[in-house]
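Here is the structure we will look at.
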Amino acid sequence: MLSQPRYLSSARAAASAFARQAGFDEHASGHVALAVDEALCNVLKHGYDRREDQPIWMDLSPLIEHQAVVGIRIVIEDEAKQAPLETIRSRALEEIRPGGLGVHIMREVMDSVEFEHREGNVGMRLVMIRRLPSAGSRVKYGANQNGSAAAAQPGQEGHKAAST
Amino acid sequence: MSNTEAMDVRVEERDGAVLVVPTGDVDLHSSPTMRERLRKAAAGKPLRLIVDLSAVPYMDSSGVATLIEAMQISRRQQTLLVLCGLQDRVRSMFQIAKLEQVFRIVPTADEAMKA
């Protein structure tokens, strides 16, 4: 897709439909769509600084273990500038201000959220996994059972400090 | 379609309050429209600003950010901001963002008039 906000709804719909096909209920599929939305927003705002002519790739695949589907794996890649991985985190939740929630939301609704640098010093890769409840997902009702998994420290979100 | 045309937002006055009623998903594409309407609605410094979300099936963090901004503006000018009509997915978003206790949230617009 191109780096335009108008395509977010289509990406959400695709992610949600894929999650449903993989066996997730409507509630969990909605959270998968939310994670995709937040990930893409990070790319649009922080990776590409809202330039609307840049590429983003999203790959949806079943997570397979022992020849059975146990969840879904989502990979989002871009050609944006590479952010230091240690700076990609949520703002402190008690610090009530607009912005800075995207990474926290992704970590709350997915079992695994990993940012990587793409090969060649250009672009980021985000790999997110959500397991089915029967396959040991630790996500429950949209929040991790053990509370917030996001780093609750002031800092940066996505590709650079989030302020929107 | 530009960002400022990305969603329908109805604004009406009711018994001294201003009621803002967005319709449709609130995401990075449509939230600038809601932000603009909320800013205009708050500019008149009403005693009560009600955001009726009953026609919003989905909201991402950009929508939440817009509401936090409206809350900050409202507090500065002593306007009471009340949210109502949250659908399940939107309420879930507030739970995930740990914002349920930060906003005044009631079930309906009628209750928001009395909150």
Review point. Would a scan of the range A:44-61 turn up a residue that is assigned to a loop (DSSP other than H, G, I, E, B), hydroxyl-bearing (Ser, Thr, Tyr), within 14 Å of chain B (Cβ to nearest Cβ) and in contact (Cβ under 8 Å) with a residue 60 or more places away in the chain?
Key: no
Practice item. Please tell me if residue A:93 is touching a strand residue (DSSP E or B) at 6+ places or on another chain (Cβ under 7 Å) and either more than 23 Å from residue B:28 (Cβ to Cβ) or within 14 Å of another protein chain (Cβ to nearest Cβ) (or both). Key: no
Practice item. Within the range A:3-10, identify whether any single residue is basic (Lys, Arg), in a loop (DSSP other than H, G, I, E, B) and either over 30 Å from residue A:121 (Cβ atoms) or within 11 Å of another protein chain (Cβ to nearest Cβ) (or both), and answer yes or no. Key: no
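Considering each of A:79, A:65 in turn, give the residue that is more than 14 Å from every other protein chain (Cβ to nearest Cβ), over 19 Å from residue A:133 (Cβ atoms) and either of a type in the set (Asp, Glu) or buried (at least 24 other Cβ atoms within 10 Å of the Cβ) (or both).
Numbers: A:65 fails: over 19 Å from residue A:133 (Cβ atoms).
Step by step, each of A:79, A:65 is checked, and only A:79 is more than 14 Å from every other protein chain (Cβ to nearest Cβ), over 19 Å from residue A:133 (Cβ atoms) and either of a type in the set (Asp, Glu) or buried (at least 24 other Cβ atoms within 10 Å of the Cβ) (or both).
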Practice item. Report the residue count in the range B:35-58 for those that are closer than 18 Å to residue B:91 by Cα, outside any loop (DSSP other than H, G, I, E, B) and either among the acidic types (Asp, Glu) or in contact with a Pro (Cβ under 6 Å, 6 or more places away or on another chain) (or both). Key: 1
Exercise for review: Can you tell me which residue within the range B:82-106, out of those that are more than 13 Å from chain A (Cβ to nearest Cβ) and surrounded by 16 or more Cβ atoms within 10 Å (Cβ to Cβ), is farthest from the chain's Cα centre (by Cα)?
Suggested key: B:106
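Readers should treat all values here as calculations from the given coordinates under stated rules, not as data from a laboratory. None of these values were measured; they are calculated from a predicted model. Here the Cβ is made from the backbone with ideal geometry for all residues, glycine too, and neighbour counts use every protein chain on show.
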